[in-house]
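The values are calculated or read from the model by the stated rules, or taken from the named source; none is laboratory data. Small disclaimer: the values here were computed from a predicted structure and weren't measured. All Cβ positions, even for glycine, are placed from backbone atoms using ideal geometry, and neighbour counts span all protein chains on display. Each accessible area value is taken on the protein alone, full model and side chains, heavy atoms only, with ligands, DNA and RNA left out. Shrake-Rupley method; radii C 1.70, N 1.55, O 1.52, S 1.80 Å.
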Amino acid sequence: MTNAQNPTPETAFMPAKIPDGIVVVDGKNYRTNAKGSLVPVELVKAQDALQDETVRKMIGHGKALSEQIARFKAHTFNDIGAFEALLAQQYEAKIGGKKGNKTLFSYDGLYKVQVQIAEAFDFGPELQIAKELVDECLNEWAADSGPELRAIVTKAFNTDKEGQINRSEIFMLLNLDISDERWKRAMQAIRDAMRVVGSKTYVRFYERPSQTAAWEAITIDLSKA
């Protein structure tokens, strides 16, 4: 059987071409160091030359893999789009859930593909109104408002290291069951302050050995492979 029919890992996955880092000046070979200076190759330490070669080799494979994943992602969404178009054409139906989320299953129930859309939020000026109302409530309640509630409020309206509002703490406030009308107005102000500033679409793949087994993710993330 030929390599075309049964490719080896070497033929199936070719690394991207990375410059070797050699600079030729007046017929002599140099390497550029991290400061931008030219160093004759014979003066480069053997361990530095070996490290350079190793890094360039890994980067070549990494770039090729990144490009392959990008092509795979494009093919995946093209396949999903083609399936949905065919479904709509033949049956006047579409598959999907809230905000474009959808799950496709194999007929035997052993494989599934999930498409999820995650929205990114920011908060408008209404958030400051919410903070004033919440502070008003806490000051009036004084001893009746426990330290736990005050801690949540403090974390919610303080900015994190990146200068961003602590969104998870803000959402914790929305889940508190407090009947005070000012508190309710504050929570409504928070909801009004929410702005969708972008979204990301994720596609995830799962498999399982039997119809009653738990789903296992097919790992594509390098850090989890």
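Summary of values
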| item | result |
| --- | --- |
| Listed residues 112, 17, 184, 57 arranged by accessible area, highest first, probe 1.4 Å | 17, 57, 184, 112 |
| Given 112/200; 73/102; 17/200, the pairs whose alpha carbons are separated by over 27 Å | 17/200 |
| Under-5 Å amide H pairs with residue 194, H placed in peptide plane, nonlocal only | 124 |
| Separation in nanometres of the label points that stand 7 Å from Cα toward Cβ, at residue 110 and residue 75 | 2.1 nm |
| Fully extended contour minus Cα-Cα distance, from residue 221 to residue 87, at 0.36 nm per residue | 45.2 nm |
| Average projected area [Cα convex hull, the stretch 39-139], square nanometres | 17.2 nm² |
